[in-house]
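J.: Before I ask anything, let me first share the structure, which is written out below as structure tokens.
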Amino acid sequence: MTSVLRQKAQETPDERRQRKSADFPSVEKKLPLRWYRRSTSVIDFVSSVLGQRNPLAQPANPRDNTVWLLDNTAYRPVRRGRKGTQTWQAEIVACVFVAGDREDIGEFVASLADAIGLDGELGKDETVRRRIQERLQPFLTKISPSRSLTLEIPLPNGQRRQHQLGPTNDNGIANKTLPIDGRTVKNGTVVKPYLKGWDDMVSMETRFASPEGWLVISDIDDTIKYTQTPEPTGILRTTFAEEPKPIPGMPQFYSHVQKYLVPTWFYLSASPYNLYPFLRQFLRSNYSPGTLILRDFSWMDLGALLKTFTQGTQTYKVDRMKKIHQWLPGRKVLCVGDSTQSDPEAYAEIYKKYPGWVHAIFIRKVTDVAHMEKKNTDERFQNAFKGIPQHVWKVFEKPEELHRLVEKLK
């Protein structure tokens, strides 16, 4: 204990700041207590556990509800002896909230600002305050369990198909795999399913991906977006208070990948789905469009938010990549991640589980965040990729190092 105290006493101000910024428990104590975002109706919440045949479910409507439809990828199931003849299908995900539920969140804005040291700055900068309020709001808006939706899917041939979606579960999420007619739809085609009967168009983008070709599975935080995931204040600051910044060189690298491989894109993040609009806009502004996969939490305190970035990420990502493999087992996969969390271990696990599926793994060595010494050691990467050929994986610092490797993949 004495040696620890002596060590702290000898710290420089910068070292002390970095140590405190990496202390997750101390930051979590400054954040608001847990809040629940359930519907005001107890009946809706209880009935949501009854599943697809819930007799108490009610249709969502524009007066009472706000709905997000999440972009997705349509695929053709690969069945032995029938390759290329199956009807397209896609997993549809909708998130339903209580409309107009915008309570005063000044307390939460103030707590967040204090936790990341913005209290003084916040009082002077109204733009920062509005930004924090906007990004916090999806964590506070009440969800609507036990709600059903009617989805209309336009097809390239001019026809339209209607499907029932829901009811939503106790997270306010409706999730269902639906058939999408149109056997002659070409790879890369984009259609925009929408909610039938809503005055304001609520739509999504569905991209069709044929069984063969390339596929990219990309992490987001500290791979293509500056987030500072090893530091709690870094996560909070970059997520809520700052404009998102792409990692230098990564937009150009992903454009290079698009040019040479023309892949289907999946962005796989441990962030909660409450950040979907924020992250979708960031991706659309800087990277090729694709399917964004996030964790499906419906209530949150900010301490729990920090845990989504840092705990159980390998298990979560492996589980989602298994689903992607079920959809597109015949594609060639390029995995891109970083060294802050468990991307090397997760990608290595998938490489070994599905031989011949993953063709390349690129890991960004994060050097612009403190406390990365142990995670950036050669030993860590050698252990993670043990048994995987050296030509399959590469740890890089500058994206420019990867351009020639992508050209060789083609």
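The values are calculated or read from the model by the stated rules, or taken from the named source; none is laboratory data. Nothing here was measured: the structure is a model prediction, and the numbers come from that model. Note that we place each Cβ from the backbone using ideal geometry, even for glycine, and neighbour counts take in every protein chain shown. Each accessible area value is taken on the protein alone, full model and side chains, heavy atoms only, with ligands, DNA and RNA left out. Shrake-Rupley method; radii C 1.70, N 1.55, O 1.52, S 1.80 Å.
J.: Condition test on Val202, is it within 22 Å of the chain's Cα centre (by Cα), of a type in the set (A, V, I, L, M, F, W, C) and open to solvent by 30 Å² or more (accessible area, probe 1.4 Å)?
T.: Taking the combined requirement at face value, the residue does not satisfy it.
J.: Mind checking which residues of segment 336-376 are part of a helix (DSSP H, G or I) and open to solvent by 10 Å² or more (accessible area, probe 1.4 Å)?
T.: Passing the criteria: Glu345, Glu349, Tyr351, Lys352, Lys353.
J.: Here is a check on your reading of the model: is Ser218 in the same structural domain as Thr367 (by the TED database) and farther than 30 Å from Gly117 by Cβ?
T.: yes
J.: State all residues of segment 232-258 that are part of a loop (DSSP other than H, G, I, E, B), open to solvent by 10 Å² or more (accessible area, probe 1.4 Å) and within 30 Å of Gly188 (Cα to Cα); if no residue qualifies, say none.
T.: Pro244, Lys245, Pro248, Gly249
J.: Within segment 48-86, track down each residue that is surrounded by 13 or more Cβ atoms within 10 Å (Cβ to Cβ), part of a loop (DSSP other than H, G, I, E, B) and modelled with pLDDT of 85 or more.
T.: Once the filter is applied, which keeps residues that are surrounded by 13 or more Cβ atoms within 10 Å (Cβ to Cβ), part of a loop (DSSP other than H, G, I, E, B) and modelled with pLDDT of 85 or more, segment 48-86 yields Ala60, Asn61, Pro62, Asp64, Leu70, Asp71, Arg76, Pro77.
J.: Could you list, ordered by first residue, the pairs with Cβ atoms under 6 Å in which the first is in segment 391-402 and open to solvent by 10 Å² or more (accessible area, probe 1.4 Å) and the second is outside any loop (DSSP other than H, G, I, E, B), at least 6 apart or interchain?
T.: That search, which allows pairs on different chains as well, returns Trp393/Ile361; Lys394/Phe362; Val395/Ile363; Val395/Phe381.
Residues checked against (1) in a helix (DSSP H, G or I); (2) over 30 Å from Asn187 (Cβ atoms); (3) open to solvent by 30 Å² or more (accessible area, probe 1.4 Å):
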| position | (1), (2), (3) |
| --- | --- |
| Pro230 | no, yes, no |
| Tyr260 | yes, no, yes |
| Tyr267 | no, no, no |
| Pro289 | no, no, yes |
| Leu305 | yes, yes, no |
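J.: Within segment 178-193, can you find the residues that are of a type in the set (Val, Ile, Thr) and surrounded by 14 or more Cβ atoms within 10 Å (Cβ to Cβ)?
T.: Selection gives Ile180, Val185, Thr189, Val191.
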